[in-house]
Number of protein chains: 2
Amino acid sequence: MNGQMMQQPLLISSLIVHAERHHGDQEVVSRRVEGDIHRTTYRELAARSRQLAKALAALGVGMGDRVATLAWNGYRHMELYYAVSGSGAVLHTLNPRLHPDQVVYIADHAEDQVLCFDLTFLPLVEAVAARLTTVKHFVAMTDRAHMPATSKIPNLLCFDDIVAAQDDHFAWPSFDENTASSLCYTSGTTGNPKGVLYSHRSTVLHTFAIAMPDALNCSARDSILPVVPMFHVNAWGLPYAACMVGAKMVFPGPGLDGKSLFELFEAEGVTVSAGVPTVWQGLLGYMEANNARFSTMRRTVIGGSACPPAMMRAFQDKYDVQVIHAWGMTEMSPVGTAAILKGKHLAMDHEAQFAVQATQGRAVYGVDMKIVDAAGQALPWDGQTSGELLVRGPWILQDYYRSEGGSPLVDGWFPTGDVATIDADGYMHITDRSKDVIKSGGEWIGSIDLENIAMAHPAVAMAACIAAFHPKWDERPLLVVMKKPGAEVTREELLAFFDGKIAKWWTPDDVVFVDAIPLGATGKMQKNKLREAFKSHQLPT
Amino acid sequence: MNGQMMQQPLLISSLIVHAERHHGDQEVVSRRVEGDIHRTTYRELAARSRQLAKALAALGVGMGDRVATLAWNGYRHMELYYAVSGSGAVLHTLNPRLHPDQVVYIADHAEDQVLCFDLTFLPLVEAVAARLTTVKHFVAMTDRAHMPATSKIPNLLCFDDIVAAQDDHFAWPSFDENTASSLCYTSGTTGNPKGVLYSHRSTVLHTFAIAMPDALNCSARDSILPVVPMFHVNAWGLPYAACMVGAKMVFPGPGLDGKSLFELFEAEGVTVSAGVPTVWQGLLGYMEANNARFSTMRRTVIGGSACPPAMMRAFQDKYDVQVIHAWGMTEMSPVGTAAILKGKHLAMDHEAQFAVQATQGRAVYGVDMKIVDAAGQALPWDGQTSGELLVRGPWILQDYYRSEGGSPLVDGWFPTGDVATIDADGYMHITDRSKDVIKSGGEWIGSIDLENIAMAHPAVAMAACIAAFHPKWDERPLLVVMKKPGAEVTREELLAFFDGKIAKWWTPDDVVFVDAIPLGATGKMQKNKLREAFKSHQLPT
């Protein structure tokens, strides 16, 4: 026997419809590639999204067709989010930080039909256009006045022109909520990038989950600035959540330096932001140098890689901005956990609360987790035992797009590739990536805790801890350090800095200083390159 | 093309599984019918729910079978919420305040197989048991020590005994999320009660919606005490939301007087409550008489009928408790709107904010509304034009159970029977029930605003405004007033009290004083009875 409530599919278009009807005059503010600040509202953005949907249909885009973007965070990108998915087509957000060859591989693998791009990426698009065999239309995301006078791209279309050529009389189609909505490739460190194909259902459910009080806590009183790019797992879902709750949306465009971000935060009354640790270093550096204070900022979500405790303390203790340490993956839409206190923690002292916040957090409803040993047996949630982390839930990947390798699931669970502990309260703490873990005499040493300690040293700008060959223990930790400009610290001083902060046998065996640590396209340290660079490093014995 | 995320049905069992795994030691505290305070945790409650599921299966309860309850808010009732729905059976919460004949009609109509009841309702159950033709098993929700020594009910089972007879090795079954989960009858003022049959999908989506920051804003730092009964639209969804977010749950049992409630609020650190206006009068009366203050209460949800502004001011201005004025219906699971401020309101003065909070609020995401004229044409959202209110969304009724009358929908929208305005920001204000509206010379006068003004008079305990026959205008407002004990006020003083508060022609034509205003089973004023009582009332002309 079925219930007798209305059957309405969970569709992405319902988010912009809700924002238009119930929050029509709420602002969407963007720093544009063209250099100025642009202001619009959900009412206008919804109308332009409908015009854009008609324009795409006129270009031949149908249900299931892929429309690619190479774009910063901005209102035109948000219009594409709704126009493409709302029409039943698939929004494919390409990462412009990838090598051009990878962009070509991914666009070809996805069989993108249309490519929309910000003017910043015109040189990249010109360089690869001839190799994009499936792309039939190229659209520059700008107005007529800013269109390039000449371009190597034949028949280059102007975004604002194709929008203006349509009226907004368009009703969003209804279809099965399991229909594909958006596509995002993971840039793994090995093998070809793999596509993660989200559905309308998974996206709407994920949007509910991240807007909840114990996740990103989004409301119609917030002004949300996603620093995390819209080409990186849909800016962690914030362009959807903002519509669901009627929040003001502020887009930084290409202005991701500390000064540009800080000025936009202040000018637009930003209350919530989100990004990876590396972007916040620039902002904190600017604020420190200029003795600046936030007027309206209340919390920031930090994820993508573990937030160094020193950064968390700077935000919370110095600037009174709550850090929401969160964890997820492209394969998880992306949010899985958030480190939000429970009622039982409220009476604890500052340091005890900080220890909870420094974990990757507890699962949002909808996500379940487990840690397992090498035989796949579930391990206890004692905060001590570490094992491979697996997850499942309605916004977690079942299989990759075009599924060349077969489903990655293990008994219905997705293996994250992370090694973690989980405590009795469900707080998960990632100790390492399974490929980065240091296997010392049969025991595992997590590299992340070692890096966090090193990063807390005032002379250290960035630190990576990698496994180096050891004749007796097989592997031992080697600390790779990039010093802050002008700062000095010796190998011995750094090693002594670990005293009392960690088990003695976890202390790195050696330190090497480098000018730069290689970062991937999403800002994460590329430890595989470091391992390659130091594969012949001789540890002291 | 479909997305490639995991296919997991949205099931009610997932809520208790989440609470058990991620908030296992969170407390569930109940004032028992037996007289004491009982304490348990989600871990224990989840285990007992599984035992109970096995016990019900042993009684022959299968997928789709209806299991009825006649019970206060308490942990055993919550165990039934999860055991019954989680098994794929249908939880049917009977309203013990109904007339026994109605209880019999409803239980028979629902074809209930099992009836579980609190000891309070033993006399009621004994009185009707012989007439409950479909009920095969009667279960007293108590332990062995409190079982009645003798009972007119043959083979009366003991709840704690049947639970204890099973172990907790039970895996919640997986099934289609559209499966019926729970059944609640509306006690309309005319015709037979009608059943609203919720599904697992509608329940889980509604749970997300009510837990959001701009709805009931529930988190793992909250201690939630639902005063609204679990037999009244599932206590507005709070027993589900508490599990979703890991909040502490506090159940008042039969102790709904001001003193019992206040003491439980204080003892259990309650932060959030919810109930209809009539229950709050007792609490506020007790607090005033005892000069009491809340220590931990932060907000209360008031719905079911419009909250008198004077009550809202008492909570907010005197006791610093935010009132969330909310609106919904049994047919809406029930929440449709909540009067939460937007960012644009934060800079307004106190009275301007109060005016926003005094509306029924704006739609939560998932619910859409419109107001229409007599011809069904949509009316503008200008805060002035009133019309019949219609709603739609995935937790709104498609058709009543066993659908005798055919679907009530109009072009896919559910007609609420309310008359309302909606302003440009989406805030809806109910001016009347369509059957209560006073049609004076072709114009509509909303009775609720008139009642709210009368209720603000210090001598008035309760006031109803009804249509009375008028030879010239067809209908004119007649104010029916119940005075506070010992208070005095004249007809003339009351009518003068309306001066300057409302359009002159809306002022009631007459006042009658009564000893009591009849209330229905859910605490709402029964205006149909008043109209009947005063149908021959002669208005002054």
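The values are calculated or read from the model by the stated rules, or taken from the named source; none is laboratory data. Note that the coordinates shown come from a computational prediction; the quantities given were computed from them, not determined experimentally. Here Cβ is always computed from backbone atoms with ideal geometry, including for glycine, and neighbour counts include all displayed protein chains. For accessibility, only protein heavy atoms count, side chains too; no ligands or nucleic acids. Shrake-Rupley method; radii C 1.70, N 1.55, O 1.52, S 1.80 Å.
Table for the structure above
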{"item": "Single residue of B:323, B:367 found to be surrounded by 21 or more Cβ atoms within 10 Å (Cβ to Cβ) and touching a Cys at 6+ places or on another chain (Cβ under 8 Å)", "result": "B:323"}
{"item": "Meets criteria (in contact (Cβ under 8 Å) with a residue 60 or more places away in the chain, within 27 Å of the chain's Cα centre (by Cα) and away from chain B (no Cβ under 14 Å)) for residue A:77", "result": "yes"}
{"item": "Strands (runs of 3 or more DSSP E) enclosed by the stretch B:174-279 - at least 2 residues per element that are open to solvent by less than 10 Å² (accessible area, probe 1.4 Å) and without any contact (Cβ under 8 Å) to a residue 60 or more places away in the chain", "result": "B:223-226, B:272-275"}
{"item": "Of all residues in the stretch B:9-28 being out of contact with any helix residue (DSSP H, G or I) (no Cβ under 8 Å at 6 or more places or on another chain) and either surrounded by fewer than 24 Cβ atoms within 10 Å (Cβ to Cβ) or within 28 Å of residue A:176 (Cα to Cα) (or both), the one that is farthest from the other protein chains (Cβ to nearest Cβ)", "result": "B:27"}
{"item": "All positions within the stretch A:471-484 that are at negative phi, surrounded by fewer than 15 Cβ atoms within 10 Å (Cβ to Cβ) and in contact with a Ser or Thr (Cβ under 8 Å, 6 or more places away or on another chain)", "result": "A:471, A:472"}
{"item": "Lone qualifier among B:464, B:424, B:487, B:456 - being crowded, with 22+ Cβ neighbours inside 10 Å and of a type outside the set (Ser, Thr, Tyr)", "result": "B:464"}
{"item": "Output for the stretch B:282-320, where each listed residue is open to solvent by 10 Å² or more (accessible area, probe 1.4 Å), without any contact (Cβ under 8 Å) to a residue 60 or more places away in the chain, in contact with a strand residue (DSSP E or B) (Cβ under 8 Å, 6 or more places away or on another chain) and more than 20 Å from residue B:453 (Cα to Cα)", "result": "B:297, B:298"}
{"item": "Odd one out for residue A:415 among (1) over 20 Å from residue B:21 (Cα atoms); (2) more than 10 Å from every other protein chain (Cβ to nearest Cβ); (3) of a type outside the set (Val, Ile, Thr); (4) crowded, with 16+ Cβ neighbours inside 10 Å", "result": "(1)"}
{"item": "Candidate set: the stretch B:373-393, residues that are modelled with pLDDT of 95 or more and either crowded, with 22+ Cβ neighbours inside 10 Å or hydrophobic (A, V, I, L, M, F, W, C) (or both); chosen: the one farthest from residue B:435 (Cα to Cα)", "result": "B:393"}
{"item": "The stretch B:328-338, residues that are open to solvent by less than 20 Å² (accessible area, probe 1.4 Å) and part of a strand (DSSP E or B)", "result": "B:335, B:336, B:337, B:338"}
{"item": "Tally of residues being at positive phi and among the hydroxyl-bearing types (Ser, Thr, Tyr) across the stretch B:205-264", "result": "0"}
{"item": "Hits in the stretch B:339-354 (condition: more than 9 Å from chain A (Cβ to nearest Cβ), under 28 Å from residue B:433 (Cβ atoms) and either in a loop (DSSP other than H, G, I, E, B) or open to solvent by 60 Å² or more (accessible area, probe 1.4 Å) (or both))", "result": "B:339, B:351"}
{"item": "Yes/no for residue A:44 being assigned to a helix (DSSP H, G or I), within 20 Å of residue A:14 (Cβ to Cβ), open to solvent by less than 30 Å² (accessible area, probe 1.4 Å) and of a type in the set (D, E, K, R)", "result": "no"}
{"item": "Test: residue in the stretch B:208-217 that is in contact with a Ser or Thr (Cβ under 7 Å, 6 or more places away or on another chain) and under 20 Å from residue B:79 (Cα atoms)", "result": "no"}
{"item": "Failed condition for residue A:60, given (1) under 28 Å from the mean Cα position of the chain (by Cα); (2) more than 8 Å from chain B (Cβ to nearest Cβ); (3) of a type outside the set (Lys, Arg)", "result": "(1)"}
{"item": "Residues within the stretch A:394-410 that are buried (at least 16 other Cβ atoms within 10 Å of the Cβ) and facing chain B (nearest Cβ under 9 Å), tallied", "result": "9"}
